[in-house]
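Colleague: The structure is given below, and queries will be raised subsequently.
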Amino acid sequence: MSRIGKMPIAIPAGVTVEVAENNNVTVKGPKGTLTRELPKEMEIKQENGEVVICRPDDLKRTKALHGLTRSLLNNMVVGVTDGFEKKLEVNGVGYRAAKKGKTLTLTLGYSHPVELDDPEGIETTVEGQIITVKGIDKEKVGQFAAIIREKRAPEPYKGKGIKYADEVIRRKVGKTGKK
């Protein structure tokens, strides 16, 4: 039995979970509404304030989908109650981030500034050298944070670039002169 898949998902007050045909799940909460089509093989049941995911058989594919389905549904419930956020740090001389309206402007040592518009459902804020990406959909938050990081990934010699706040950059020793 999947250790993650068999755990029930507690539904907090103010959150409603609706399961339509083909496992189209809609989760409504104080921060917004999320809809997702979960794997059709899984059986999603609501019992006294909890959601339980059951699998019909022990095939390898169904076992793999069991924990995945539970995690996706749990992320939806957490997203509409608390939301998700990722923090990125801009490191380097002359590297800056600025926010104007819905546009994030990054000065990263290129001949031009890099401008990114906030996708729907995602909000970015800039405080000094820290960029915060917030939203209710964990997948979209992580994807947009990855897009921002990709614009100038951190390099191992001086550590310049954009990195996640909890990321550790393995530093390398540079060249040494002739002796």
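Colleague: Is it the case that Glu47 is at pLDDT below 90 and surrounded by 13 or more Cβ atoms within 10 Å (Cβ to Cβ)?
Modeller: Judged against the criteria, Glu47 is not a match.
Colleague: From the set of residues in the stretch 108-147 that are at pLDDT 95 or above and among the polar types (S, T, N, Q), which is surrounded by the fewest Cβ atoms within 10 Å (Cβ to Cβ)?
Modeller: Here the answer is Ser111.
Colleague: Hey, Ile122 hits all of (1) in contact with a helix residue (DSSP H, G or I) (Cβ under 7 Å, 6 or more places away or on another chain); (2) under 30 Å from Val19 (Cβ atoms); (3) touching a residue at least 60 places away in the same chain (Cβ under 8 Å); (4) of a type in the set (A, V, I, L, M, F, W, C) but one; which does it fall short on?
Modeller: The number of the failed condition is (3).
Colleague: Sticking with this structure for a sec: Can we say Arg55 is surrounded by 12 or more Cβ atoms within 10 Å (Cβ to Cβ) and basic (Lys, Arg)?
Modeller: Yes; evaluated as a whole, the condition is true for this residue.
Colleague: Suppose we filter the stretch 19-42 for residues that are in contact (Cβ under 8 Å) with a residue 12 or more places away in the chain, among the β-branched types (Val, Ile, Thr) and touching a strand residue (DSSP E or B) at 6+ places or on another chain (Cβ under 6 Å); how many remain?
Modeller: Count: 3.
Colleague: What residue, among those in the stretch 81-97 that are hydrophobic (A, V, I, L, M, F, W, C) and surrounded by 12 or more Cβ atoms within 10 Å (Cβ to Cβ), is nearest to the chain's Cα centre (by Cα)?
Modeller: Phe84
Colleague: Here is a further query. Out of Thr69, Thr62, Thr103, I need the residue that is touching an Asp or Glu at 6+ places or on another chain (Cβ under 9 Å), polar (S, T, N, Q) and surrounded by fewer than 14 Cβ atoms within 10 Å (Cβ to Cβ). Which one?
Modeller: None of the others qualify; the one that does is Thr103.
Colleague: Could you list all residues from the stretch 9-18 that are assigned to a loop (DSSP other than H, G, I, E, B) and either under 22 Å from the mean Cα position of the chain (by Cα) or free of Cβ contacts under 8 Å to residues at least 40 places away in the same chain (or both)?
Modeller: Ile11, Pro12, Ala13, Val15
Colleague: Right, next: So which residues in the stretch 80-124 are among the hydroxyl-bearing types (Ser, Thr, Tyr) and either in contact with a Phe, Trp or Tyr (Cβ under 7 Å, 6 or more places away or on another chain) or within 30 Å of Val25 (Cα to Cα) (or both)?
Modeller: Passing the criteria: Thr81, Thr107, Thr124.
The values are calculated or read from the model by the stated rules, or taken from the named source; none is laboratory data. What you see is a predicted model; the values in this text were computed from it and never measured. When we count neighbours, we look across all protein chains shown, and the Cβ atoms used for this are built from the backbone with ideal geometry, even at glycine.
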